[in-house]
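The values are calculated or read from the model by the stated rules, or taken from the named source; none is laboratory data. What you see is a predicted model, and the numbers here were worked out from it, not measured in a lab. Reconstructed Cβ throughout: ideal geometry from the backbone, glycine too, with neighbour counts over all protein chains shown. All accessible areas refer to the heavy atoms of the entire protein, side chains included, with ligands and DNA or RNA removed. Shrake-Rupley method; radii C 1.70, N 1.55, O 1.52, S 1.80 Å.
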Amino acid sequence: MEKAPERGGGERNGSVLSVRSVTKTWPGGAAALSSVSLEVRHREVLVVIGPSGSGKSTLLRCINGLEPVDSGEIVVNGIRLGREKKSRDLVRRQVGMVFQSYNLFPHKTALENINLAQRLVKGRTLAEATEKSLALLRKVGMEDKAGALPARLSGGQQQRVAIARALAMNPSLMLFDEATSALDPEMIGEVLDTMRAIAREGTTMVVVTHEMGFAREAGDRVVFMDAGQVVEEGAAKTFFDAPAMERTREFLSRIL
Amino acid sequence: MGNNTFKTAWPSALILAMAALWLFFSSLPGLGYHWQWYRLPRYFATFQDGAFIPGPLLRGLAATLEITSLSLIFCFAAGLLAALLSGSRSLLARALAALYVELVRNTPLLVQIFFIYFVIAPVLGISRFWSAVLALSLFEGAYASEIFRAGIASIRPCQWDASYSLGLSTFQTLRHVILPQAVRRVLPPLVSQAVSLVKDSALVSAIAVHDLTMQAQVIASDTFLVFETWFAVAGVYLALNLALSFLATLIERAARLEQ
């Protein structure tokens with residue numbers, strides 16, 4: 001897969017996301033995240049892999065404040081995510097998220113789904129929002145379904161609309177939480193293609209996925225998590241060929 | 001699917017209703033009651049010199065319609081507010097909502113009407129008409145709040161997640177994402193509540209509001225047309241509520257999600 005030449009080492013190398021020693025414990029006492037640290041730079045695609053229950057999704061939910069953390073620090077584009085509403089709102093304006101279950105609003109058409117937050121949060125007029133939404137629908141190959149309610153769309157189509165909905169807010173960071181895990185096999189490709197296209201444009205992304213092919217070809221770096229910890233981290237090109245840790249090798253042997 | 005069952009159930013329901021009517025009329029001779037239905041129409045309306053003059057029953061119906069439609073609006077407002085308070089993070093708000101719902105649901109409506117008319121109304125300086133509207137709104141609102149609460153709780157948490165992740169506030173999420181879905185889901189129980197409201201409104205006659213029931217009481221005691229009057233009035237309530245249910249079916253159909 002060909003990538004934009006300036007990515008990963010171009011004119012802007014600033015950190016978009018920085019997670020430092022984040023720890024979270026579930027109310028029952030089980031550890032969700034223990035001292036997780038990672039860094040994502042501008043235009044970088046970070047892929048997070050690991051067995052289910054390893055804390056990947058929790059980590060994503062913490063990054064845009066859907067889950068509070070117990071300790072540690074999360075900084076997005078220089079904004080430190082705190083417990084107060086103000087910082088959470090500011091961070092959420094920077095971060096777009098795509099969910100495993102698409103989570104489109106079922107009472108709104110594809111176009112209305114994409115328009116809603118643009119109008120309420122960005123304060124765009126209906127005309128401005130619609131123009132932007134239609135452009136994004138075209139980009140994800142869904143322009144002919146603008147007026148369809150989500151129930152009329154296939155899973156793959158719903159997920160592409162959900163991606164367009166998140167992109168409409170011009171986020172500086174996109175989070176993908178197992179975006180293809182709920183899809184029928186024949187629809188996984190169309191969503192992964194959309195994600196690849198976005199990555200090629202230089203969108204900064206954190207992708208939690210079980211699609212190792214995607215991780216290898218579209219990812220810049222890979223993080224392997226297990227039991228709430230970052231076990232290993234490396235460049236996507238070399239990570240799969242020569243994993244350093246035993247736990248990583250074990251996981252990869254099971255999944256590849 | 002529910003709508004189809006409803007349609008196919010219609011003929012059987014009609015037959016059952018006719019059987020009940022036959023049973024009713026066949027028992028009448030044994031009652032020894034002298035029926036004088038012909039005396040009743042003038043209490044609905046009269047014509048004088050070609051002019052239509054509404055009688056006490058029609059005026060009572062107008063009052064009932066006025067009271068119930070106002071109460072319907074206020075009861076849904078009260079119910080929604082109580083539902084939102086009970087879902088709030090603030091302990092005080094939740095306690096307030098619980099106090100309201102439990103107090104209202106566990107005492108008789110008649111007592112509440114008396115309490116509002118004799119105790120609250122003089123303080124607020126409101127008329128018996130508005131006392132009636134207030135009492136009915138608060139009473140039905142307590143039930144409506146439970147319906148709204150169930151509706152809001154039935155929306156999957158991931159709808160909140162999606163909305164929050166796009167940067168919407170809690171209020172915006174409720175207003176644009178959660179409530180539109182929740183209200184569609186609880187439309188049938190809300191209609192039941194509206195039907196209850198229409199019937200419960202009969203109790204406001206206790207504070208001499210001249211609604212349909214009050215007028216019926218006056219006519220029955222003036223003319224001794226006891227059965228005729230009350231059956232006719234029951235028929236009017238029945239027609240009113242069937243019309244309401246029919247209207248609700250139309251709304252429900254228009255608002256149904258293609259799922």
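Residues in segment A:142-151 that are under 20 Å from A:Gly189 (Cα atoms) and surrounded by 14 or more Cβ atoms within 10 Å (Cβ to Cβ): A:Met142, A:Glu143, A:Lys145, A:Pro150.
Please work out if A:Lys24 is more than 18 Å from the chain's Cα centre (by Cα), over 24 Å from A:Leu183 (Cβ atoms) and within 13 Å of chain B (Cβ to nearest Cβ). The answer is no for A:Lys24. Out of B:Gln159, B:Gln112, one residue alone is under 15 Å from A:His107 (Cα atoms) and open to solvent by less than 30 Å² (accessible area, probe 1.4 Å). It is B:Gln159.
Would you call A:Arg165 away from chain B (no Cβ under 14 Å), in contact (Cβ under 8 Å) with a residue 24 or more places away in the chain and not in a loop (DSSP other than H, G, I, E, B)? No; evaluated as a whole, the condition is false for this residue.
Applying the criterion of at least 2 residues that are without any contact (Cβ under 8 Å) to a residue 12 or more places away in the chain, within 11 Å of chain B (Cβ to nearest Cβ) and over 28 Å from A:Thr209 (Cα atoms) to the helices (runs of 4 or more DSSP H) found wholly in segment A:81-151 leaves A:110-120.
A quick yes/no check of all residues on (1) over 22 Å from A:Ala32 (Cα atoms); (2) touching a Lys or Arg at 6+ places or on another chain (Cβ under 7 Å); (3) of a type in the set (Val, Ile, Thr):
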site: A:Leu175; (1), (2), (3): no, no, no
site: A:Arg196; (1), (2), (3): yes, no, no
site: A:Glu201; (1), (2), (3): yes, no, no
site: A:Thr204; (1), (2), (3): yes, yes, yes
site: A:Gly219; (1), (2), (3): yes, no, no
site: A:Phe240; (1), (2), (3): yes, yes, no
site: A:Pro243; (1), (2), (3): yes, yes, no
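If you filter segment B:82-100 down to residues that are assigned to a helix (DSSP H, G or I) and without any contact (Cβ under 8 Å) to a residue 12 or more places away in the chain, you find that the one that is least open to solvent (accessible area, probe 1.4 Å) is B:Ala93. Scanning segment B:212-229 for residues that are closer than 30 Å to B:Gly32 by Cα, open to solvent by less than 50 Å² (accessible area, probe 1.4 Å), among the aromatic types (Phe, Trp, Tyr) and more than 14 Å from chain A (Cβ to nearest Cβ) turns up nothing. Any residue at all in segment B:190-208 that's within 14 Å of chain A (Cβ to nearest Cβ), open to solvent by less than 40 Å² (accessible area, probe 1.4 Å), assigned to a helix (DSSP H, G or I) and of a type in the set (Ser, Thr, Tyr)? No; the residues of segment B:190-208 include none that is within 14 Å of chain A (Cβ to nearest Cβ), open to solvent by less than 40 Å² (accessible area, probe 1.4 Å), assigned to a helix (DSSP H, G or I) and of a type in the set (Ser, Thr, Tyr). Within the bounds of segment A:176-195, is there any residue that is assigned to a strand (DSSP E or B), of a type outside the set (D, E, K, R) and either over 30 Å from A:Gln157 (Cβ atoms) or modelled with pLDDT of 90 or more (or both)? Yes - at least one qualifying residue is present in segment A:176-195. The set of residues from segment A:56-66 being open to solvent by 10 Å² or more (accessible area, probe 1.4 Å), on the phi < 0 side of the Ramachandran plot and either within 10 Å of chain B (Cβ to nearest Cβ) or in a loop (DSSP other than H, G, I, E, B) (or both) comprises A:Arg61, A:Leu66.
One residue stands out in segment A:67-104 among those that are over 27 Å from A:Arg43 (Cβ atoms) and touching a Lys or Arg at 6+ places or on another chain (Cβ under 9 Å): the one that is least open to solvent (accessible area, probe 1.4 Å), namely A:Leu104. When the test is whether a residue is assigned to a helix (DSSP H, G or I), surrounded by 23 or more Cβ atoms within 10 Å (Cβ to Cβ) and modelled with pLDDT under 95, A:Ala199 passes it.
Answer yes if at least one residue in segment B:143-162 is among the charged types (D, E, K, R) and within 13 Å of chain A (Cβ to nearest Cβ), and no otherwise. Yes: one or more hits.
Residues in segment B:141-156 that are open to solvent by less than 40 Å² (accessible area, probe 1.4 Å) and either within 28 Å of A:Gly65 (Cβ to Cβ) or hydrophobic (A, V, I, L, M, F, W, C) (or both): B:Ala142, B:Ala144, B:Ile147, B:Phe148, B:Gly151, B:Ile152, B:Ile155. Considering B:Leu58, B:Leu70, the condition of being at pLDDT below 95 and over 30 Å from A:Leu81 (Cα atoms) is satisfied by B:Leu58 alone.
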